[in-house]
Structure formats: structure tokens, C-alpha cells
Amino acid sequence: MNEHDLEILRPDDAAYEDARRIHNGLIDKRPAIIARCRTTADVAAAVARARNDALEISVRGGGHNVAGNAVTEGGLMIDLSLMKEIVVDPDARTARAQPGLTWGEFNVATATHGLATTGGVVSTTGISGLTLGGGYGWLQGKYGLSVDNLLAAEVVTADGHVLAASEHDNPDLFWALRGGGGNFGVVTSFTYRLHPVTTVLSGPAAFPLAAADGVIDCYRRLTKEAPDELGVQFGLLTGPDGSTKVGAIVVCHCGDLAQAEADIRSVRELGPPLLDGIGPKSYVDQNRLIDDSFPAGALNYWKSAFFTDLSDAAAQVLIERFEQCPSPMTACVLESMGGAASRVASNATAYPHREPGHNLLVLSQWADPADTEANIAWTRDTFEALRPHMADRRYVNYLSADDAGYIRDAYGSNYERLVELKRRYDPDNIFHLNQNINPN
């Protein structure tokens, strides 16, 4: 296939408006051209066309892209959302998946064979961006991050070449892809290791905000004492009535169900919850559990960083700030780093942050554009109030468009090696609409 066979959308085409929109309603950019790709050859042709016409490139996968880097203003957007093929090999326990898939689509395909891999906590997340940035998920304690389960990738590089990347083929590129984001090319397929996962004991238990101190303490104890099979998150959010603020603990145990109940006993002992959704369910359903809390088109602005230790003082600031939250759609979430994911060396993959700790996401969402200023201000003020308690570590997938100054915090001790590899694979920085590693 050559560039003339590409499906091209321009601003006057009927499908253009839908194609340029992404999950975050705060992003309103207009590419000059949208190249809707179905094959690797399409992607290579789109890269060549952008280079020939000196157009800025953005790359859109299948999911959220809250920072908005998936859409270029006036350039060429490479749209991968139609590339949804997945081939599961149940005997080898592997899956080869195209980049337009969401984790929900991926999980349904692998669940047919009683298999899964670590892949986010919201099923509408795209596999591409999550994997390339590291890949937190419910199964990481037992099976590691998404990057720890990536076995191979196919990549269209800045010069238009199609390269295989694995431990044996272009191993430096493979290392960089596992946490370096979209800096090194357009990945057109991912091959993952799969694991036997079917029924899990999972779900939320929500308590009044006045009890949030105790819920956070339970979360802290669980993350220190829990077996690898138990994934735990803590969240501050507003209940379904739109006004009741709650502290919630969410669990997902991928081991024996009887042992799982024993392992979450401390949650059951917190007292009567306002909501108890913990019970046996399929992993597919667990991954869909909070999808409704992330509606497409809502306006989003995020801030994130790690706590090495979640002190009482930090917890108190977090609760006090959430009491002033202006939007019922907003949540403050804590994800723990532990288990198998924390036992990988920091330089084994480009994703560097393997130390035990807690990743905070201040996830602001609202519906009315008139509320944008107030919500962004609250998010920034909350983050600044928590800064004295934070480590100099960031999860690249949670960085906002205005977080470019924290790139070194995201890539940590691996930054210099990533710069060297960027110079090798993309010396002109044509793939710069990402959390960018500048080769210069």
C-alpha cells in the first residue's frame, strides 16, 4: 500500500469532527489531515506523507489520551483506532494485539481462553498509551506492569522503516518502548504474555468521608501486608447522589476465593459501608467496574506524583482539600506500587519507578466549560498543598499537557539512556507530541 491508498479525512469531510475528538472534552484541536490507518503499511505511508509535507505528527490509539497529545493543531494525525485485530495463542499464553484496541476489547478476547494480563483499571483505556508509559493495573502485584508482560512489538520508526523489537531484535528499542511513551515510533502491534485469570474477588467498599482516616489506614496496612494476588486502591469521590463525599477502598484479588476473603478481612472489619460492592466477579467485569465514572467528552485536568510514605499529615491534607472539591465528578486516587512490579530492577525497562510507594492521581472532571477555571485552580492548589509530602517521581501516563517540566521526574534514572536512544531512532524529534524526550 502507498500513501495514495490511505483513508484521508480533511476538515470538510463528514467523518472529520468525530475523528478529531478524543476522550477529554477540554481538548479542541483541528488537524489539517487525519490518516485513518488499518495496516502497518498505512502507518508507514502516513509517516512518509507527514515528513514530505513538513506536517507535525500526532498519534491516536484506541483510548483516553487525557493530555491531548493525540491531536495536532494543523498537522497530520495518525489515527490507529481502526486497528483492532487480536490473535490469542492459548497454548503459548500470548496475545498479539493491534494498537487501536481498548483494554475492554482485549480482555474479552483473552478471557475466552481463561487468560489475562495487566491492563489498566478502566476498560475504555487504550492498550497502546497505557503500555508504552508503563501500565498500572489490577494484576500488577502478581504479574507486574504491562511493560513487564510485553514480549515484542512492531514499530514504524521516524525514517519509515518497520522494525521488530524484542529481547532478541533491536533490544535497545524494545527497552525504550517499555516506558518511554510514544517517543520512538508508532507501534503497530504488541505481543503480551498472558496468565490464567478468570474469577476475582473484587469491588469497592465506600464509607462516609468522616471515616476516611480509618479507610486510608486500612489501605496502608493492606498495601504493606497483602499478598501479591491482592491489588488495592483508595479513592476520595462523590457518591451517586452527587453530593455525598466518601472514602472508598477498592480491591481485586486474583487468587483463591476463600483465601481472598481472609486477605481482605480488615476491609470487612471497617464497619458498615455506605456501599459494599466486593464479591466474586469476572476479571472482565472488574475492569469495567468504574467505566461510568470516566464519561467520554467530560472535561479533564489531572495532576499526579508519588508518595514514598503516605504520612498522616499527607492524608489529612488530601481529605481537607477534597472537602472543598468543586465537582462531583472529581476523584483523588491512590495506587500502590508493590508486589511483582516492585521487584523489577529500575533499569530493566524504561519505566523506572519500582520503589514501594503510592501514586496519587488528582483526577479532576467536570461537565460545564464555565467551570473550567475553578476546577483547574482547585486541582493545582490541591497539588501544591500536597507537594511537601511528595517524592520527585511521576507516572508518565498521568502527566498533563502543562507538565513538560517534570519529564525527568517521569523517566528518572533512565532519562539519559532514553535521550541517547531518541537520538538514534528519532534525531529530528518528529514524534514530539508526547511527554517528550528531546534529543537535542
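The values are calculated or read from the model by the stated rules, or taken from the named source; none is laboratory data. This is a predicted model, so every value here is computed, not measured. Cβ coordinates were reconstructed from backbone atoms using ideal geometry, including for glycine residues, and neighbour counts include every protein chain displayed. To get the accessible areas, we keep the full protein, side chains included, count just its heavy atoms, and leave off ligands, DNA and RNA. Shrake-Rupley method; radii C 1.70, N 1.55, O 1.52, S 1.80 Å.
Below is a table of values for the structure above.
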{"read-out": "Matching residues in the stretch 60-84 - criterion: being under 18 Å from the mean Cα position of the chain (by Cα) and either under 16 Å from residue 42 (Cα atoms) or open to solvent by less than 10 Å² (accessible area, probe 1.4 Å) (or both)", "value": "60, 61, 68, 70, 71, 80, 81"}
{"read-out": "Wholly enclosed helices (runs of 4 or more DSSP H) of the stretch 235-344 bearing at least 1 residues over 27 Å from residue 116 (Cα atoms)", "value": "265-268, 312-323"}
{"read-out": "Any hit, the stretch 48-58, residues being open to solvent by 10 Å² or more (accessible area, probe 1.4 Å), within 25 Å of the chain's Cα centre (by Cα) and closer than 16 Å to residue 97 by Cα", "value": "no"}
{"read-out": "Among residues of the stretch 211-221, those that are open to solvent by 10 Å² or more (accessible area, probe 1.4 Å) and farther than 11 Å from residue 274 by Cβ, counted", "value": "5"}
{"read-out": "Tabulated pairs, the stretch 7-27, first within 15 Å of residue 100 (Cβ to Cβ), second small (Gly, Ala, Ser) and open to solvent by 60 Å² or more (accessible area, probe 1.4 Å), C-beta under 7 angstrom, 6+ apart or interchain", "value": "23/296"}
{"read-out": "Residue within the stretch 183-205 that is closer than 30 Å to residue 61 by Cβ, in contact (Cβ under 8 Å) with a residue 12 or more places away in the chain and in a helix (DSSP H, G or I) present", "value": "yes"}
{"read-out": "Unique match (being surrounded by fewer than 24 Cβ atoms within 10 Å (Cβ to Cβ), aliphatic (A, V, I, L, M) and over 23 Å from residue 180 (Cα atoms)) among 109, 116", "value": "109"}
{"read-out": "Unmet criterion (only one of (1) assigned to a strand (DSSP E or B); (2) over 26 Å from residue 422 (Cα atoms); (3) hydrophobic (A, V, I, L, M, F, W, C)) for residue 164", "value": "(2)"}
{"read-out": "Filtered residues of the stretch 19-41 (kept if farther than 14 Å from residue 70 by Cβ and out of contact with any Lys or Arg (no Cβ under 8 Å at 6 or more places or on another chain))", "value": "38, 39, 40, 41"}
{"read-out": "Top-ranked residue in the stretch 188-206 [being open to solvent by less than 10 Å² (accessible area, probe 1.4 Å) and in contact with a Ser or Thr (Cβ under 8 Å, 6 or more places away or on another chain); ranked as nearest to residue 283 (Cα to Cα)]", "value": "200"}
{"read-out": "In the stretch 181-238, the residues that are within 28 Å of residue 68 (Cα to Cα), in contact with a Leu (Cβ under 9 Å, 6 or more places away or on another chain) and among the small types (Gly, Ala, Ser)", "value": "181, 182, 185, 235"}
{"read-out": "Test for residue 381: is it surrounded by fewer than 22 Cβ atoms within 10 Å (Cβ to Cβ) and at pLDDT below 95", "value": "no"}
{"read-out": "Positions within the stretch 167-182 being part of a loop (DSSP other than H, G, I, E, B) and either open to solvent by 10 Å² or more (accessible area, probe 1.4 Å) or hydroxyl-bearing (Ser, Thr, Tyr) (or both), in sequence order", "value": "167, 168, 169, 170, 178"}
{"read-out": "Qualifying residues in the stretch 259-316 (those that are at pLDDT 95 or above and β-branched (Val, Ile, Thr)) - the one nearest to residue 216 (Cα to Cα)", "value": "267"}
{"read-out": "Breaking point among (1) among the polar types (S, T, N, Q); (2) within 21 Å of residue 419 (Cα to Cα); (3) in contact with a helix residue (DSSP H, G or I) (Cβ under 7 Å, 6 or more places away or on another chain), for residue 202", "value": "(2)"}
{"read-out": "Unmet requirement for residue 308, which otherwise passes all of (1) crowded, with 20+ Cβ neighbours inside 10 Å; (2) over 22 Å from residue 138 (Cβ atoms)", "value": "(1)"}
{"read-out": "Strands (runs of 3 or more DSSP E) within the stretch 1-92 that include 2 or more residues farther than 27 Å from residue 150 by Cβ", "value": "7-9, 33-36"}
{"read-out": "Single residue of the stretch 98-124 satisfying the filter (of a type in the set (Gly, Ala, Ser) and in a loop (DSSP other than H, G, I, E, B)) that is nearest to residue 150 (Cα to Cα)", "value": "119"}
{"read-out": "Count of the stretch 394-433 residues which are within 21 Å of residue 171 (Cα to Cα), crowded, with 19+ Cβ neighbours inside 10 Å and not charged (D, E, K, R)", "value": "7"}
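Results for (1) of a type outside the set (Val, Ile, Thr); (2) without any contact (Cβ under 8 Å) to a residue 24 or more places away in the chain, shown as yes or no for each residue.
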{"position": "47", "(1), (2)": "no, no"}
{"position": "57", "(1), (2)": "no, no"}
{"position": "61", "(1), (2)": "yes, no"}
{"position": "66", "(1), (2)": "no, no"}
{"position": "76", "(1), (2)": "yes, no"}
{"position": "85", "(1), (2)": "yes, yes"}
{"position": "88", "(1), (2)": "no, no"}
{"position": "101", "(1), (2)": "yes, no"}
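Per-residue answers, yes or no, for (1) β-branched (Val, Ile, Thr); (2) more than 13 Å from residue 215 (Cα to Cα); (3) in contact (Cβ under 8 Å) with a residue 12 or more places away in the chain; (4) open to solvent by 30 Å² or more (accessible area, probe 1.4 Å):
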residue: 232; (1), (2), (3), (4): yes, no, yes, no
residue: 235; (1), (2), (3), (4): no, no, yes, no
residue: 241; (1), (2), (3), (4): no, yes, no, yes
residue: 246; (1), (2), (3), (4): yes, no, yes, no
residue: 260; (1), (2), (3), (4): no, yes, yes, no
residue: 278; (1), (2), (3), (4): yes, yes, yes, no
residue: 281; (1), (2), (3), (4): no, yes, yes, yes
